[in-house]
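The values are calculated or read from the model by the stated rules, or taken from the named source; none is laboratory data. As the structure is a prediction and not an experimental result, all values here were calculated from the model. Note: ideal-geometry Cβ built from the backbone for every residue, glycine included; neighbour counts use all protein chains shown.
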């Protein structure tokens with residue numbers, strides 16, 4: 001079983017829509033969770049960390065569900081500029097510095 | 001925010017050439033640096049993890065004699081692809097982190113071997 005699994009999509013949504021991605025992880029000892037955004041042919045950029053209590057940054061909301069071992073990313077009022085691949089990243093503290101990346105979920109926001 | 005600089009951003013070389021890629025954390029001291037490779041339409045694949053002053057830890061299947069990593073200081077790590085061949089053509093990305101902070105990525109290096 002993969003450490004981190006994501007639905008690759010693609011998700012094609014109209015501008016203004018709300019879209020949600022989930023990501024499941026296999027190691028229950030995982031401590032740190034992040035969402036990164038990667039544009040085509042560019043490096044990943046940190047979008048937001050995911051905290052146990054959930055966190056929000058503008059139109060973006062991240063949630064952590066430890067019982068079911070998944071994290072989610074909700075994007076409200078989608079903009080064209082949100083089109084990208086969203087990577088789920090998990091760092092199981094018991095493996096030291098190892099980070100595990102999901103394969104990414106592709107989002108295209110359509111005018 | 002944290003800045004990681006990677007150089008060069010694009011390299012085109014003949015087969016058999018060795019290529020060196022630099023990764024620098026510009027405004028923080030990186031206790032750990034990571035090297036990834038990404039093929040088109042695929043996710044990042046971790047190649048190795050390096051801590052300053054110690055030998056890199058390579059992932060399974062990554063040849064340490066082929067991909068030489070040096071992490072001489074808290075702000076600089078280098079990856080040398082030795083005797084590169086066309087199958088080594090890829091997008092190589094470094095990242096750096098301080099302690100348990102999130103990773104910050106360099107711009108990536110597109111390596112094309114002819």
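List the number of the failed condition for residue A:50; all other conditions in (1) within 12 Å of chain B (Cβ to nearest Cβ); (2) at pLDDT below 85 hold. Just one mismatch for residue A:50, condition (2).
Here residue B:10 clears all of (1) out of contact with any helix residue (DSSP H, G or I) (no Cβ under 9 Å at 6 or more places or on another chain); (2) away from chain A (no Cβ under 14 Å); (3) loosely packed, with under 14 Cβ neighbours inside 10 Å; (4) at pLDDT 90 or above except the condition numbered (2). Quick test for you: out of A:103, A:108, pick the one residue that is assigned to a strand (DSSP E or B) and either at negative phi or surrounded by 15 or more Cβ atoms within 10 Å (Cβ to Cβ) (or both). None of the other options fit; the residue is A:108. Taking the numbered list (1) more than 10 Å from every other protein chain (Cβ to nearest Cβ); (2) more than 19 Å from residue B:93 (Cβ to Cβ); (3) in contact with a strand residue (DSSP E or B) (Cβ under 6 Å, 6 or more places away or on another chain) in turn, residue A:39 passes all entries but (2). Going through B:29, B:42 one at a time, which residue ends up being out of contact with any strand residue (DSSP E or B) (no Cβ under 8 Å at 6 or more places or on another chain), more than 9 Å from every other protein chain (Cβ to nearest Cβ) and part of a loop (DSSP other than H, G, I, E, B)? Matching residue, one of B:29, B:42: B:29. Here the condition is being in contact with a strand residue (DSSP E or B) (Cβ under 6 Å, 6 or more places away or on another chain), away from chain B (no Cβ under 12 Å), at pLDDT below 95 and part of a strand (DSSP E or B); of A:21, A:34, it holds for A:21 alone. One residue is enough: does segment A:65-81 have a residue meeting the conditions over 14 Å from residue A:18 (Cβ atoms), in contact with a strand residue (DSSP E or B) (Cβ under 9 Å, 6 or more places away or on another chain), free of Cβ contacts under 8 Å to residues at least 24 places away in the same chain and part of a strand (DSSP E or B)? Yes, the conditions are met somewhere in segment A:65-81.
Taken together, the residues in segment B:60-114 that are surrounded by 14 or more Cβ atoms within 10 Å (Cβ to Cβ), assigned to a loop (DSSP other than H, G, I, E, B), more than 12 Å from chain A (Cβ to nearest Cβ) and in contact (Cβ under 8 Å) with a residue 60 or more places away in the chain amount to 2. With respect to the conditions (1) touching a residue at least 12 places away in the same chain (Cβ under 8 Å); (2) out of contact with any helix residue (DSSP H, G or I) (no Cβ under 6 Å at 6 or more places or on another chain), residue A:41 falls short on a single one, namely (1).
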